[in-house]
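Some notes on the structure that comes next.
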Amino acid sequence: MANFSGGYATRAETDSPGLVCKLNKSLYGLKHATWQRYYKLTEVLCSRGYVYSLNDYSLFYKKTEYSTIYIVVYVDDVIVTGTDLSEIVQLKHFLHDQFKIKDLGRLHYFLGLEVLYTADGVIISQRKFALDMLKEFDCISYSSLSTPFDPNEKLRAKEGRPLSDSTYYRKLVGKLNFLTNTRLDIAFNVKYLSQFMQDPREPHLKAAFHLLRYLKSDPTLGIFLSNDSDCSLKGYCDSDWAVCPDSRRSVTGYIVLLENIPICWKSKKQETVSLSSTEPEYRSLRKVVGELTWLCRYFDELTVSYPKPVSVFCDSQSALHIAKNPVFHERTKHIEVECHFVRDKLHEGLISLHQLLPVLN
């Protein structure tokens with residue numbers, strides 16, 4: 001792990017030799033600072049034989065017959081990992097010659113993410129961030145709750161007294177949104193609260209504090225990443241039809257598992273109103289297939305082997321029939337584009353569709 005710092009100066013375009021431009025403003029204050037930093041770093045890494053991923057421009061890698069090195073970049077913070085320790089050491093020296101970097105050693109804390117190493121993998125959590133948030137919003141003394149939301153409570157946009165300080169609510173929900181990087185159990189609830197950012201009211205803030213008290217029950221919860229070589233992918237999707245009481249839009253939800261490890265998940269309100277319960281189910285199916293398509297391209301680029309076809313599970317028989325049936329009816333032609341996308345991936349052999357049956361207790 002490394003941290004970059006420094007600035008740039010350019011030679012003045014004048015007839016007098018030896019003159020340079022004075023840097024009156026630091027690089028961090030420039031409008032295009034991030035782009036300039038990335039451009040310079042890309043130029044330096046490519047000169048050493050690294051290439052950037054076409055599916056994720058924050059990833060650089062170099063593959064040889066004997067080793068593989070990966071570099072992940074976020075602004076001026078960099079993670080370096082790979083199978084060749086000597087190449088990693090040489091790369092650090094090379095980057096230090098090109099920039100002024102600080103070697104922070106083995107990865108333990110990165111952008112609020114804590115990494116704990118075990119014998120069979122790593123655990124990634126945001127324990128410190130969660131505890132700091134509980135202290136910041138004075139929830140340490142509150143009792144903990146076992147559910148993220150009250151299941152009997154339905155929030156509406158214009159119900160309740162407006163908050164005197166709306167920035168307080170926005171700050172809280174923004175921090176909760178960052179916490180969803182490792183807490184998929186609150187992804188739906190945080191997206192639900194995000195709908196009221198423009199005009200937050202007292203019931204919305206009460207629901208947000210209910211979520212904080214749920215986090216207090218176990219702020220150390222995170223994701224376990226196994227070092228098992230199995231790279232099988234599975235996708236699950238679902239939707240909630242016309243759940244929003246204000247707009248009657250449906251909510252899409254999906255999760256992608258690498259073996260049994262969650263690596264991608266999302267919960268989001270759909271852009272349009274669905275006229276039947278089949279439409280939101282199919283739109284959620286299209287979302288997870290799109291995510292899997294990107295992941296498969298990513299794996300192919302990095303020459304990571306994974307079994308095909310990728311299994312996709314959906315609990316709607318109607319959505320599965322539409323994906324497999326080439327005939328469109330009057331009630332489904334307005335979602336024809338999404339149908340063609342899923343069917344193309346099905347015919348390519350990238351995915352296989354399965355019905356997800358409910359589990360009875």
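The values are calculated or read from the model by the stated rules, or taken from the named source; none is laboratory data. Remember, predicted model here, so these are calculated numbers, not experimental data. All Cβ positions, even for glycine, are placed from backbone atoms using ideal geometry, and neighbour counts span all protein chains on display. These accessible areas exclude ligands, DNA and RNA; they are computed on the full protein's heavy atoms, side chains included. Shrake-Rupley method; radii C 1.70, N 1.55, O 1.52, S 1.80 Å.
Output the qualifying pairs, or none if there are none: Cβ atoms under 7 angstrom, residues six or more apart or on different chains, first residue in region 93-112 and farther than 27 Å from LYS175 by Cβ, second residue in a loop (DSSP other than H, G, I, E, B) and not aliphatic (A, V, I, L, M).
From residues that are farther than 27 Å from LYS175 by Cβ, the pairs are PHE94/ARG48; PHE99/GLY6; LYS100/GLY6.
Can you run down the residue pairs with Cβ atoms below 9 Å, 6 or more apart or on separate chains, where the first is in region 161-182 and of a type in the set (Gly, Ala, Ser) and the partner is outside any helix (DSSP H, G or I)?
Listed by first residue and then by second, the contacts come to SER166/MET197; SER166/GLN198; SER166/ASP199; SER166/PRO200; GLY174/MET197.
Out of (1) at pLDDT 90 or above; (2) surrounded by 15 or more Cβ atoms within 10 Å (Cβ to Cβ); (3) not hydrophobic (A, V, I, L, M, F, W, C), the odd one out for TYR38 is which?
Only one criterion is unmet by TYR38, namely (1).
Quickly run through region 191-217 and pick out the residues that are without any contact (Cβ under 8 Å) to a residue 40 or more places away in the chain and either buried (at least 20 other Cβ atoms within 10 Å of the Cβ) or more than 21 Å from the chain's Cα centre (by Cα) (or both).
LEU193, GLN198, PRO200, LYS206, ALA208
With the structure loaded, tell me whether SER311 is under 18 Å from LEU350 (Cβ atoms), outside any helix (DSSP H, G or I) and touching a Lys or Arg at 6+ places or on another chain (Cβ under 7 Å) or whether it fails that test.
So SER311 passes the test.
When the residues of region 71-97 are filtered to those that are part of a loop (DSSP other than H, G, I, E, B) and farther than 19 Å from TYR57 by Cβ, which remaining residue is least open to solvent (accessible area, probe 1.4 Å)?
It comes out as ASP84.
Say we look at region 291-308 and pick out the residues that are outside any helix (DSSP H, G or I) and either among the hydrophobic types (A, V, I, L, M, F, W, C) or free of Cβ contacts under 8 Å to residues at least 12 places away in the same chain (or both); which of these is least open to solvent (accessible area, probe 1.4 Å)?
Residue satisfying both the conditions and the ranking: LEU302.
For region 248-261, how many residues meet the condition of being closer than 16 Å to GLY222 by Cα and exposed (fewer than 15 other Cβ atoms within 10 Å of the Cβ)?
2
Within region 282-290, is there a residue that is open to solvent by 30 Å² or more (accessible area, probe 1.4 Å) and free of Cβ contacts under 8 Å to residues at least 24 places away in the same chain?
No, every residue in region 282-290 fails to be open to solvent by 30 Å² or more (accessible area, probe 1.4 Å) and free of Cβ contacts under 8 Å to residues at least 24 places away in the same chain.
For the list (1) touching a Ser or Thr at 6+ places or on another chain (Cβ under 6 Å); (2) open to solvent by 90 Å² or more (accessible area, probe 1.4 Å), I need the number of the one condition that LEU116 fails.
(1)
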